[in-house]
1. Which condition number in (1) under 30 Å from Asp86 (Cβ atoms); (2) touching a strand residue (DSSP E or B) at 6+ places or on another chain (Cβ under 9 Å); (3) within 11 Å of the ligand (Cβ to nearest atom) is the one that Ile214 fails?
2. Of the conditions (1) within 14 Å of Ile147 (Cβ to Cβ); (2) outside any loop (DSSP other than H, G, I, E, B), Pro255 clears all except one; give me its number.
3. Could you list, in sequence order, all residues of segment 239-283 that are within 16 Å of the ligand (Cβ to nearest atom) and within 17 Å of Ile18 (Cβ to Cβ)?
4. At least 2 residues that are on the phi > 0 side of the Ramachandran plot and touching a residue at least 60 places away in the same chain (Cβ under 8 Å) in each: list the helices (runs of 4 or more DSSP H) lying fully within segment 45-140 that qualify.
5. Can you confirm whether Gly166 is assigned by TED's automatic domain parsing to the domain that holds Cys187 and under 20 Å from Asp42 (Cβ atoms)?
6. Would you mind stating whether Ser131 is assigned by TED's automatic domain parsing to the domain that holds Val46 and out of contact with any strand residue (DSSP E or B) (no Cβ under 6 Å at 6 or more places or on another chain)?
7. Which of the residues spanning segment 123-147 are touching a Lys or Arg at 6+ places or on another chain (Cβ under 7 Å) and crowded, with 20+ Cβ neighbours inside 10 Å?
Amino acid sequence: MANLLDGKAIAKVLKEEIKDEVLKWKSKGVQPKLAVILVGEDPASVVYARSKQKVSENLGISFELHTLPSDIAEGELISLIELLNDNEQIHGIMIELPLPKHISKESVMSAVRSDKDVDGVHPINRGFIMSGEEGLFPATPQSCVEILLRSGVEIAGKHVVIVGRGETVGKPLVFLILKHNATVTICHSKTPDLGSFTRQADIVVAAVGKANLIKEDMVKPGVIVVDAGINETPDGICGDVDFEAVKEKASLISPVPGGVGSLTTALIMKNVLKGLDLQRRNV
Ligand code: NAP
């Protein structure tokens, strides 16, 4: 039976490290600050924004929330982003998604200064992740890597099969994993006989959004499983992996909840500090 890749325990350690780093910035007279923009009143986005506020304040990072009406013009939203870009007291900017239909997500994401783009979605950061240069990268793929490394898993030399090529998780993860010298296979909805690929994996990462997609007969004994999926079911939240069955065959497995998702908010805060560092270098 597998041991757990314990996201909650790792998040605790990560948060202590972030607190220490915030104190170092404060001792140099810098108060790290995150600005979040919320357009409209999508209930999930309101919850996410409030949860970021709580975490950032607990870590000593100042937080400001800009709540805008859902009928705001794209130009007005971009003007606010430009003000925040130029404000030296703001070190990270995040726009809660989804945006109303009349606003172009691409234009808004590209308007955020790349060294304040704590979501890692600016085209420059997408380029940096591919080239291996330093930049700000999305939190969830970073969580997948952190949960492995901080659990003592050696990624180098392993065959990692990533299921899902979404822009938020699967695709950026390919480059983060490659940087750690693994051999990467990426599967998606058009992959025939998914199990024939996942059975070859030393590490399977599921980033799909389909409950119970990865079954026990699709993995080899001793496999390490990272489940980034989040699915709402009548029985509660679950991942993409049939956890109860697969845990009997795996050596390590991340639960949902309590796995990858437990690290993401902390890693957004880490991006605020990394952004701050990049901004100082860019002066
Ligand atoms: P996405 O953009 O919808 O991508 C889903 C991917 O899964 C696509 O590449 C799709 O293939 C593939 N797929 C769909 N059905 C499949 C099947 N039957 N077999 C193999 N691949 C299949 O999703 P995302 O935004 O990357 O998110 C992926 C999951 O991560 C979701 O459950 C999401 O809720 C979760 N998530 C978690 C966190 C967290 O904090 N833990 C954060 C963000 C997202 P095609 O490309 O061919 O369509």
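The values are calculated or read from the model by the stated rules, or taken from the named source; none is laboratory data. The structure presented is a predicted model; accordingly, all values stated were derived computationally and were not measured. Because the Cβ atoms are built from the backbone with ideal geometry, glycine has one as well, and the counts that use them run over all protein chains shown.
1. (1)
2. Failed condition: (2).
3. Ser262, Leu263, Thr264, Thr265, Ala266, Leu267, Ile268, Met269, Lys270, Asn271, listed by residue number.
4. none
5. Considered against the rule, which asks whether it is assigned by TED's automatic domain parsing to the domain that holds Cys187 and under 20 Å from Asp42 (Cβ atoms), Gly166 comes out as yes.
6. No, not satisfied.
7. Answer for segment 123-147, where residues must be touching a Lys or Arg at 6+ places or on another chain (Cβ under 7 Å) and crowded, with 20+ Cβ neighbours inside 10 Å: just Leu136.
Each row is one residue, and each column tells you yes or no for (1) touching a Leu at 6+ places or on another chain (Cβ under 7 Å); (2) in a helix (DSSP H, G or I).
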position: Glu146; (1), (2): yes, yes
position: Val161; (1), (2): no, no
position: Val174; (1), (2): no, yes
position: Leu178; (1), (2): no, yes
position: Asn181; (1), (2): no, no
position: Lys190; (1), (2): no, no
